[in-house]
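Chemist: Here it is: the structure, laid out below.
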């Protein structure tokens, strides 16, 4: 009887070792999977699904094409007057104070487009901002130039969360200028474009009345 019990005990110990070894063999892949998920979490879900945007593919990348379709929709809305457009103009008084501001809003009062222009004695720029229905910036086109003959086009694309996903700068003409390769966020209207449109300016506003311009402060 004792010999039989000893045999059973030995069998249980052996089976226990086999079970622990099998369990350990399944733990390692789980930890590796967790590490992979942590790495992937550094990228947006859209980026993971649609692939990385590169210099070679950005023009045809699905995410860029989707943003381009949104831009076309906003432009068409302004042309059809389904978006309400308002404009303000200002006299020149300081370098890069706004000379013009334009805003377009939908029937729910959401800003879909904001444009501002400014310049100095040696350069000028126009910023055109396009927003989705949630109010997130999706595309900004910066155009302008300098007295040395340079002509600039600078494009910035954003994902659904308003994060930059691609930025492209092109000099269409001239030797180039000191425009930034990555545009500073504080020069972009990423939030509250309506507040910026309505805000006071350091320069006198050009008032519109009966189809004629009347300059304020004069």
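Just so it is clear, none of the values below were taken in a lab; they were calculated from the coordinates. Here the structure is a predicted model, which is why all the values come from computation and not from measurement. No Cβ is skipped: glycine too gets one built from the backbone with ideal geometry, and neighbour counts run over all protein chains shown.
Chemist: I'd like to know if region 76-92 contains one or more residues that are closer than 18 Å to residue 139 by Cβ and out of contact with any strand residue (DSSP E or B) (no Cβ under 9 Å at 6 or more places or on another chain).
Modeler: Among the residues of region 76-92, at least one is closer than 18 Å to residue 139 by Cβ and out of contact with any strand residue (DSSP E or B) (no Cβ under 9 Å at 6 or more places or on another chain), which makes the answer yes.
Chemist: Any residue that is over 16 Å from residue 67 (Cβ atoms), under 22 Å from the mean Cα position of the chain (by Cα) and exposed (fewer than 11 other Cβ atoms within 10 Å of the Cβ) - is there at least one of those in region 188-210?
Modeler: yes
Chemist: Would you please list the contacts, defined by Cβ atoms under 6 Å and residues six or more apart or on different chains, that run from a residue in region 186-208 that is part of a strand (DSSP E or B) to a residue that is surrounded by fewer than 12 Cβ atoms within 10 Å (Cβ to Cβ)?
Modeler: 205/216; 206/213; 206/215; 207/214; 207/216
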